[in-house]
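No value in this document is a laboratory result; all are computed from the given coordinates. This structure is a prediction, so every number in the text was calculated from the model and none was measured. Positions of Cβ are generated from backbone atoms using ideal geometry, with glycine treated the same way; all protein chains shown enter the neighbour counts.
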There are 2 protein chains.
Amino acid sequence: MKFVIEAQDRNTRARAGLFETDHGVVHTPIFMPVGTVKTLSPLDLKENGAHIILGNTYHLYLKPGLDIILKAGGLHKFNGWPGSILTDSGGFQVYSLDELRQISEEGVEFKSHWDGSTHFFSPEKVVDIQRTIGSDIMMVLDQCIANPSDQETARKAHLLTLDWARRSKKRFAETCSLYDYRQFQFGIVQGGIYQDLRRESVNGLLDLDFDGFAIGGLAVGETQDVRNEMTELCTDLLPQDKPRYLMGVGMPEDILDAIDRGVDMFDCVIPTRNARNGTVFTSNGKLVIRNAKYKQDFKPLDETCGCYACSNFSRAYIRHLFNVNEVLGLRLATIHNIHFYLNIVREARKSIVDKNYIEWKKSFLNAFRTESS
Amino acid sequence: MKFVIEAQDRNTRARAGLFETDHGVVHTPIFMPVGTVKTLSPLDLKENGAHIILGNTYHLYLKPGLDIILKAGGLHKFNGWPGSILTDSGGFQVYSLDELRQISEEGVEFKSHWDGSTHFFSPEKVVDIQRTIGSDIMMVLDQCIANPSDQETARKAHLLTLDWARRSKKRFAETCSLYDYRQFQFGIVQGGIYQDLRRESVNGLLDLDFDGFAIGGLAVGETQDVRNEMTELCTDLLPQDKPRYLMGVGMPEDILDAIDRGVDMFDCVIPTRNARNGTVFTSNGKLVIRNAKYKQDFKPLDETCGCYACSNFSRAYIRHLFNVNEVLGLRLATIHNIHFYLNIVREARKSIVDKNYIEWKKSFLNAFRTESS
């Protein structure tokens, strides 16, 4: 995968880049929404400026299942998304199953949350599954650990992750795309909150020559300082000419912190999960749309926003929809929040190119932290 | 209201007409979807060819409430719908509350299904409420009765409805639109399944010179023959130069039966309620999308349909969305069913204008009744 750095901020490690898959160009920094987010179709995401979406391997593997995706001709054809797709390894979902899983050196056994049936993911199988899904970028199977975890637990998980990365890379090299376009593979850095483990993890992965690198095991409850420290340590060691993906981050401020440190790709449930509760992000901070103060507020959610919801509907109307449990409210809030997140990375990128990243960031955060609206 | 008959079928009473409100021209026969149907915005309805939508007075009165709608500048401004709006009187919803209502000559008392608070609708108040909502067409308050009801019950309800119609007309004449556009008022024929009562009801209403007439009290469990007989009896007596609206009908075949008899306007929950259960209408009959046989069926819901769902997604994908309880499935099925209903009336109209209504209807029903898909 060719990753081009178009501009580099002078004061931070923030960079404006781009890479190309056979489904189009992705400009970084980029936020990747999940492919099917409550009420939104992949095409809705396109209309809101998404270049690349995230597919959940665990979910797709269980339902609709690989036979259907294969017969459809891959996930792009199945869900109608014309752009790039990155799939996670399924590991994170499996580890979230808690009692339903059993980890060995070979892989991880788990029970489906749908019907309790037993399944097994090995690093090799996860490559094969993503070959069938046909994502443009696939992730290796890693071992996620709880936070806090002691150093010994973190070390074991990191070593297993590294061993699995080797096996994943081997399987990837021995197989090929089932469809008429290329696939790329990213490795994942682990090592918890321990500097030496993070260093070992990055160095181990560098030998394997992945197309890009993810930083995993963060956004799991550690402090902002620790997350920033671990992120910076990783981006310091990772090659300049490969994209970096900070998994599961985060709030708008967290994303900017990571962009500062040279991260290029993001995914997070925060914008969609918040939308579901009626919390929307605006340029003046968060806004809880159910609040009585919006009852007769006929302004858009965010007066500076050009999304479908803000162009056509008022706070009073969207509040009303939430109050009468009309799913359209959820849809409009979701559209807005996704648009807001995509807009942050778009503006950050523009400011890096225009050489005023720090000024833009300061002005964005000043307004965002007022929470005045 | 000026109602123009553009074409009249030679073999039936079917007619292609049009009327104009200050929010646009409505071509009849027309199907009116409810303004906010699960997951669809008013603008989505516009994109699917709706000219006029239905607003529920009962629901709007309780939430968001008249103060908010007034402050918004009327319902069109509140919900972003640029076309025409017809509001029901709220009576049907109130009668559906069952134990929560008490009818007197003066009006009907009921308790809110939200909080149990007591409210009172009189014919006058219902006019005032619809003045505040600012619908283009308002309905008078009528008394709906259960089916079956004996003749004496039906007679009393019809007489009360007629008295209320007089009071409604008077209030309408004494008040004016709160916004910068005109409002029209329709009367409602009652009389249950009794020919003489229906005749009396129509004749009573004719004296009151409404802008259009609805046929109420049908689609409540009577046979198809009785419904057709009552519809025909009414359209026989109603003036040619006013639109006729058959309330709450129905299945595609029922709508065609009524178009045959000179009905111009329809509303029904069937397309949206069915969509919610995953039942979609196609040119080859109904299709239950959850069925296993659609698991690997990559055709659109209806191969002859040009809606957003059929243009972009397969049966297999929509089935998958229903199977994983993803609201996008509901949205796509709803878009399709609304499009299907609007397409029936659009094609019926075209065939009336093109002088081949009977041939079109036969061919539509032949395909629709195969249920082969």
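Could you give the distance between the Cα centres of the range B:109-145 and the range A:142-208, to the whole Å?
Answer, in whole Å: 64.
To the nearest 0.05, how large is the calculated FRET efficiency for A:V25 and B:S363 if R₀ is 51 Å and r is the Cβ-Cβ distance?
Between A:V25 and B:S363 the formula returns 0.60.
What average count of beta carbons from other chains do you get within 10 Å of the Cβ of residues in B:313-325?
4
Principal axis extents for the range A:1-111, Cα atoms only, whole Å, descending order, please.
So the extents along the principal axes, rounded to whole Å, are 48, 33, 27.
Restricted to Cα positions, what overall size does the range A:127-180 have along the principal axes? Three whole-Å values, descending.
Extents along the principal axes, in whole Å: 45, 19, 12.
Give the angle, between 0 and 90 degrees and rounded to the nearest 10, that separates the Cα long axis of helix A:123-133 from the longest principal axis of the Cα atoms of chain A.
50
Let's test the formula: R0 of 30 Å, r as the Cβ-Cβ distance of B:S104 and B:D180. What FRET efficiency results, to the nearest 0.05?
0.25
What distance in nm separates the simple spin-label points at A:N356 and B:H113, each placed 7 Å from Cα in the Cβ direction?
It is 5.4 nm.
Can you give me the three principal axis dimensions of the range B:95-199 from its C-alpha atoms, in Å, biggest first?
On the principal axes, the range B:95-199 reaches 45, 38, 19 Å in Cα extent.
Beyond a 20 Å Cα-Cα separation, which of these cross-linked pairs lie in this structure: A:K63/B:K38; B:K169/B:K242; A:K2/A:K169?
Result: A:K63/B:K38 exceed 20 Å.
Residue-wise, which Karplus ³J(HN,Hα) couplings in Hz belong to the range B:358-365, taking 6.51 cos²θ - 1.76 cosθ + 1.60, θ = phi - 60°, and x for glycine or proline?
After applying 6.51 cos²θ - 1.76 cosθ + 1.60, I find 4, 5, 4, 4, 4, 5, 4, 5 Hz.
On a straight-distance basis, which lysines could pair with B:K362 in a cross-link, Cα separation under 17 angstrom, same-chain partners fewer than 8 positions away excluded?
B:K362 reaches B:K350.
Pull up all non-local amide H partners of B:I30: gap of 5 or more, or a different chain, and H-to-H distance under 5 Å with H placed in the peptide plane.
B:M265, B:F266
How big is the equivalent ellipsoid of the protein assembly as shown along its three axes, where each semi-axis is √(5λ) from the Cα gyration tensor, reported in whole Å from largest to smallest?
Output for the protein assembly as shown: semi-axes of 57, 28, 22 Å.
For the range B:1-119, what relative contact order do you get, as a whole percent, if you take Cα pairs closer than 8 Å and at least 6 residues apart?
Computed value for the range B:1-119: 17 percent relative contact order.
Could you give the distance between the Cα centres of the range B:58-107 and the range A:1-74, to the whole Å?
Cα centroid of the range B:58-107 versus Cα centroid of the range A:1-74: 44 Å apart.
To one decimal in nm, how far is A:D236 from the same spot in the other copies, if labels go 7 Å from Cα toward Cβ? Please give the shortest first.
Once sorted, the set of distances for A:D236 reads 9.3 nm.
Only bridges whose two residues both fall in the protein assembly as shown count here: according to DSSP, what percent of them are antiparallel, nearest 5?
The answer is about 50 percent antiparallel.
So for the pair B:E303, B:Q240, with labels modelled 7 Å out along Cα→Cβ, what separation do we get in nm?
4.4
Tell me the volume per residue, in Å³, of the convex hull enclosing the alpha carbons of the range B:262-359.
99
Restricting to Cα pairs below 8 Å that are 6+ residues apart, what does the relative contact order work out to for the range A:126-184? Please round to a whole percent.
Here the relative contact order equals 49 percent.
For B:42-51, what's the mean count of beta carbons from other chains sitting within 10 Å of each residue's beta carbon?
1
Taking the Kirkwood radius as the inverse of the mean 1/r across Cα pairs, report the Rg/Rh of chain B.
That ratio is 0.96, to two decimals.
Can you give me the convex hull volume of the Cα atoms of the range A:79-148, divided per residue and expressed in Å³?
Cα convex hull per residue, to the nearest whole number: 113 Å³.
Would you kindly work out, in nm and rounded to one decimal, the distances from the label point of B:N323 to those of the same position in each other copy, ordered shortest first, with label points 7 Å along Cα-to-Cβ?
For B:N323, the other copies' label points sit at 4.1 nm, shortest first.
Classify the range B:7-59 from the C-alpha gyration tensor, please: rounded if a/c falls under 1.5, else prolate or oblate depending on whether a/b exceeds b/c.
Prolate, because a/c is 1.5 or more and a/b exceeds b/c.
Please list, in order along the range B:271-283, the HN-Hα scalar couplings obtained from phi with the Karplus expression 6.51 cos²θ - 1.76 cosθ + 1.60 (θ = phi - 60°), rounded to whole Hz, x for Gly and Pro.
Computed from phi, the couplings for the range B:271-283 are x, 7, 5, 5, 4, 4, 8, x, 9, 10, 8, 10, 5 Hz.
Evaluate peptide A:71-81: per residue, the Cβ atoms of other protein chains within 10 Å of its Cβ; return the mean as an integer.
Average neighbour count from other chains, rounded to a whole number: 3.
So if I take the centroid of the Cα atoms in the range A:225-296 and the same for the range B:252-301, what is the distance between those two points in Å?
Their Cα centres are 43 Å away from one another.
How far is A:T118 from the same spot in each other copy, in nm, shortest first, if each label point sits 7 Å from Cα toward Cβ?
Nearest to farthest, the other copies are at 6.5 nm.
Report, to two decimal places, the Cα Rg of the range A:176-257 normalised by 2.2 N^0.38 Å (N = number of residues).
Dividing the Cα radius of gyration by 2.2 N^0.38 Å gives 1.17.
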